[in-house]
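Novice: Right, I'll just put the structure down here and ask away after.
What follows is calculated from the coordinates using simple rules that are stated; it is not laboratory data. These numbers were taken from a predicted model, which means no experiment stands behind them. Cβ: placed from backbone, ideal geometry, glycine included. Neighbour counts: every protein chain shown.
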Amino acid sequence: MGFDDIFTGKAQKLWWQRLDDDRIIDGPPPVPFDKDGAYYVIRLKEMFLRTSRRLWRKLSPVLHAFVRHGAVEDNSVAGPGQLKELGEARLDRVVHLNQLLAGPRPFTGEDLQMVVGLFSVPSGDATRALIDTVSTLAGLGGFALGSAAQIAMVVKNGVEQIVGLDSALLQLGVRDTFYPGNPLRPGYHLGVAARVDPDEVAKLWLVKGRLVSGSDPITARPYEAHDYFVIEIERRLRRDDWAGLRGIAELNQQFAAVMADPGDAATKRARLAQLWPAFTQALRSSTELTAPDRAAIAADVQHDLRTRLETGNPFELRDIAGRPRPAAFDFIDVAPTVDPEDPADTARARAALDGPL
């Protein structure tokens, strides 16, 4: 089943638009994405079904998203599955906020296509099928850690089950492509399952990630006129989960073994210097990092290692008797030291990536 088939014969053109920046309270600056200079993160900020019951059947919102950027594809399902442990009753009462749909991914300058569908799914067997889909995805450890093939198959099977059900209704389907004529920018996009007139748009605000309607954001009330969803596009300069990326995570144990060795600092420094080229090469070859972030990560790790060597590993922990002991080295504990917008920091980062330890 192709993703076009999700919407065939079920969707009509309704309302989809990027919210103006002056309608966002404490929103991000609308800085455009520069090629290989930042990461994009796409998140479901909020979704809402105006009708939570049809006759005797309760309805839950379920959102399916497909994002393609160059050769990279992300599939995701946002639904009530995260609360499976609490039971399947009253799933219409679940509030869905801030759920990750795609990213962080380096922006390569290629077209970014996004297909999003908001479904109303009745409780019962159909909803349980969705719960199983979302729960299985959670069991894979997340999109960054799980197998891409496993994730794709789980989502495909779950979406086929839902879309194939007569009782599952597509409330709103959106296909949008970001390209030079429609540039990708940080901000919020709103999809409403109705035709929205300009006067109604003029009353919409996004306050703390929630859509409200009113003459001003202070007195505005939650928007409940129609089914809707809000998609956030975030721009990041640094990636904080780099330690778990393929090709880099494998080197962590080698660095940790050197730092845990009881030998002197000079011996450790020599052994680390031998590992350094393999580490910087892993950074350079990673397609999941931007060029500035590769250099920044190298500078962060270099600073951490040098500090430990020069001061006798100051990052101490305490054992159960209260005696100090050296903390084990781990990439995940390396603190960021590079400001991507500081020229001196970026120069130091490039030197760390291109030079010796």
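Novice: Starting from the eigenvalues of the Cα gyration tensor, five times each then square-rooted, give me the equivalent ellipsoid semi-axes of the stretch 242-354, largest first, whole Å. Let's see the in-between values first.
Specialist: Details: eigenvalues 126, 47, 38 Å².
Its equivalent ellipsoid spans semi-axes of 25, 15, 14 Å.
Novice: While we're looking at this one, here's another question. Rank by packing, highest mean first: peptides 289-296, 20-27, 303-310, with packing defined as the count of other Cβ atoms within 10 Å averaged across residues.
Specialist: Details: 289-296: 23.5, 20-27: 14.2, 303-310: 16.6.
Sorting 289-296, 20-27, 303-310 by mean packing, highest first, produces 289-296, 303-310, 20-27.
Novice: Could you give me the percent of Cα pairs per 5 Å distance bin for the stretch 209-304, shortest bin first, beginning at zero and ending with the bin that holds the maximum distance?
Specialist: Pair shares across the bins are 2, 10, 17, 15, 10, 7, 6, 6, 7, 7, 5, 4, 3, 1.
Novice: Would you mind calculating the gained length between A347 and I332 on full extension (0.36 nm times residue separation, minus the Cα-Cα distance), in nm to one decimal? Don't skip to the answer; put the middle values down first.
Specialist: Working: separation 15, 0.36 × 15 = 5.40 nm, distance 2.35 nm.
Additional length available on full extension: 3.0 nm.
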